1. State whether the residues of region 10-31 include one that is open to solvent by 50 Å² or more (accessible area, probe 1.4 Å), among the β-branched types (Val, Ile, Thr), assigned to a loop (DSSP other than H, G, I, E, B) and in contact with a helix residue (DSSP H, G or I) (Cβ under 8 Å, 6 or more places away or on another chain).
2. Take residue 34 and tell me if it is open to solvent by 30 Å² or more (accessible area, probe 1.4 Å), assigned to a strand (DSSP E or B) and among the β-branched types (Val, Ile, Thr).
3. When the residues of region 37-76 are narrowed to those that are in a strand (DSSP E or B) and among the β-branched types (Val, Ile, Thr), which ends up most open to solvent (accessible area, probe 1.4 Å)?
4. Return yes or no: is residue 137 among the β-branched types (Val, Ile, Thr), open to solvent by less than 30 Å² (accessible area, probe 1.4 Å) and farther than 30 Å from residue 227 by Cα?
5. Which residue is nearest to the chain's Cα centre (by Cα), if the candidates are limited to region 94-115 and must be open to solvent by 100 Å² or more (accessible area, probe 1.4 Å) and closer than 30 Å to residue 64 by Cα?
6. Given the residues 79, 91, 87, which is the only one that is surrounded by fewer than 14 Cβ atoms within 10 Å (Cβ to Cβ), touching a residue at least 12 places away in the same chain (Cβ under 8 Å) and more than 11 Å from residue 11 (Cβ to Cβ)?
7. Taking interchain pairs and intrachain pairs at least six residues apart, which have beta carbon atoms under 9 angstrom, with the first residue in region 214-236 and surrounded by fewer than 14 Cβ atoms within 10 Å (Cβ to Cβ) and the second not in a helix (DSSP H, G or I)?
Amino acid sequence: MPERAPRVLGVDEFAFRKGCIYGTVLIDVEAGRVVDVLPDRTSETLTAWLTEHPGAEIICRDRATAYTKAVKEAAPHALEVADRWHLLQNLSASVEKTCHQHRDCLRKRAEEEMLAEVPQPPPMLLPPAELARTQIIERTRHRYEDIHRLLEKRWTISAIARRLNLDRKTVRRFRDTDLDELFASARERRPNGVLEPFKAYRNARFAEPQGQVSGAQLFLEIQARGYRGRRQVVRNTSRPSARAPPNRSGPTSPAPARSPPGSCGPARLSL
């Protein structure tokens, strides 16, 4: 320990045992070495050391109140400066506090700059002429046009739902979704389109002589082969009426005419 303090003296606290016992470390900033270690971080201990070791011209310290008091009492002519770590800590805390106070306008500005720097490509709508003129496609197109026409007139979601007899979720979906995505979703909801790739397998299963395959079994089989449609679509195609072959023997016989009122009904045929 030198008899005099270094010209540039660094003062900072450290922990003998974090959260329990703290001391003070004194550093020769120009030489980069420890000068002394004090047993605590009180102003009285640092005042006594500075009194016994004069000569400090610049004292670089943290902003503890005890250190401020000690320097003013024992080395009033020394130039006090904040160390680099505490300057950066205070600066970052101030920036974080300011950004938190103005986070709404900062977020809005950042979004505007992002949109300005990266131009959004125009939505690629599917040409209407290339779409099949099916009932669900036409209904989707008309519903989209009706909803957006009312939105342009500043109708609310609830008012549009009441006017068009729709659920509010449906109105919001048509408001927030591009027309081409709605067309794609409509085509996927078509049962025939979803089941089309699996018709050959379905017909082959129906033609097998080992009895009739159930709709549930058929659904599991084609689902394992990539089917993503609903179970009900497959069950409907597995009903006897759905898979019955057409009658090729000619037109069916007309149903017997009803008997006129007051007369006897047709005679029963005995087998």
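1. no
2. Taking the combined requirement at face value, the residue satisfies it.
3. Residue satisfying both the conditions and the ranking: 37.
4. no
5. Filtering first and then ranking leaves 100.
6. After applying the criteria, what remains is 79.
7. 214/238; 216/238; 217/238
Table: residues versus (1) surrounded by fewer than 12 Cβ atoms within 10 Å (Cβ to Cβ); (2) basic (Lys, Arg); (3) at pLDDT below 75.
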residue	(1), (2), (3)
149	yes, yes, no
152	yes, no, no
163	no, yes, no
166	no, no, no
173	no, yes, no
191	no, no, yes
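The values are calculated or read from the model by the stated rules, or taken from the named source; none is laboratory data. Not measured: the values here are computed from a predicted model. Here Cβ is always computed from backbone atoms with ideal geometry, including for glycine, and neighbour counts include all displayed protein chains. When the accessible area is computed, the model is the full protein with side chains, heavy atoms only, and any ligands, DNA or RNA have been set aside. Shrake-Rupley method; radii C 1.70, N 1.55, O 1.52, S 1.80 Å.
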